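Presented below is the structure to which this report refers.
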Amino acid sequence: MDKIIDVAAYIVAKYKEMTHETLDEMKLHKLLYFTQRESFAILGKPAFEGDFEGWKYGPVSREVRQDYEQGEFLVETKKISDDIKYIVNNVLLEYGALASWKLSDLSHREISWLNSRAGLKDGENGSNIIQLADIQKDSEKVRPYDHVWDMYYDEFEDLDTVE
């Protein structure tokens, strides 16, 4: 299984390739979270090993935070699997154009983030781990879209029944 830092490095590079802009850290964490959620929705399993904490502005990976500075990684990263690249590419096409604050607002609607904030006051930073089971619950409410084929993933299943 891929590691969160490697998926983060791919997101940063692919975002730069697509937009010619440097990805800010807040947006990176949210795109990572949505990648994890979409992986559950599409593959039924996590995209990577690594935790998120429920911070006041949404999910944050402490590991990525400590190894990412001003658009660069401070550690060596590895290539990721093709299936996760495909999911990341779709996440970037779906959410990449949204502002960091908009992604933060979207993440605040997630069961996983809300559960990780239990007992915390608004505006208080938290360090509770967001549970994978909760991210999986969040994945049940999304309808993943495949931007390459220009159709929803559940429509692929319909193709199998056409003769």
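See the values below:
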| read-out | value |
| --- | --- |
| Amide H contacts under 5 Å for residue 151, placed H, 5+ residues apart | 146 |
| Under the Karplus curve 6.51 cos²θ - 1.76 cosθ + 1.60, θ = phi - 60°, whole-Hz ³J(HN,Hα) for the range 95-103, x wherever Gly or Pro sits | 10, x, 7, 6, 5, 3, 5, 5, 5 |
| Candidates 122, 67, 105, ranked by Gaussian network fluctuation over the chain, Cα under 10 Å, top entry | 122 |
| Förster-model FRET efficiency, 30 Å R0, residue 13 and residue 118, C-beta, rounded to 0.05 | 0.25 |
| Top of 96, 123, 58 by mean-square fluctuation, Gaussian network on the chain, Cα under 10 Å | 123 |
| In the range 71-134, the trypsin sites (Lys or Arg not before Pro) that fall in loop regions by DSSP, at most 15 other Cβ within 10 Å | 78, 79, 109, 121 |
| Where Cα atoms sit under 13 Å apart: lysine pairs in the chain separated by 8 or more or lying on different chains | 11 |
| Sparsely packed GluC sites (Glu not before Pro) within the range 46-121, loop by DSSP, other Cβ within 10 Å at most 10 | 76 |
| Computed FRET value (nearest 0.05) for residue 150 with residue 99, which takes r as the C-beta separation and R₀ as 30 Å | 0.75 |
| Ellipsoid semi-axes in whole angstrom, largest first, where each is sqrt(5λ) of the Cα gyration tensor of the range 4-160 | 23, 20, 14 |
| For the chain: relative contact order, % (alpha-carbon pairs under 8 angstrom, 6 or more apart) | 29 |
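Rule-based calculations on the coordinates, nothing more; no lab input. Just so you know, these numbers come straight off a predicted model, no measurement behind them. Methodologically, a virtual Cβ is constructed for each residue, glycine included, from the backbone with ideal geometry; neighbour enumeration extends over all protein chains shown.
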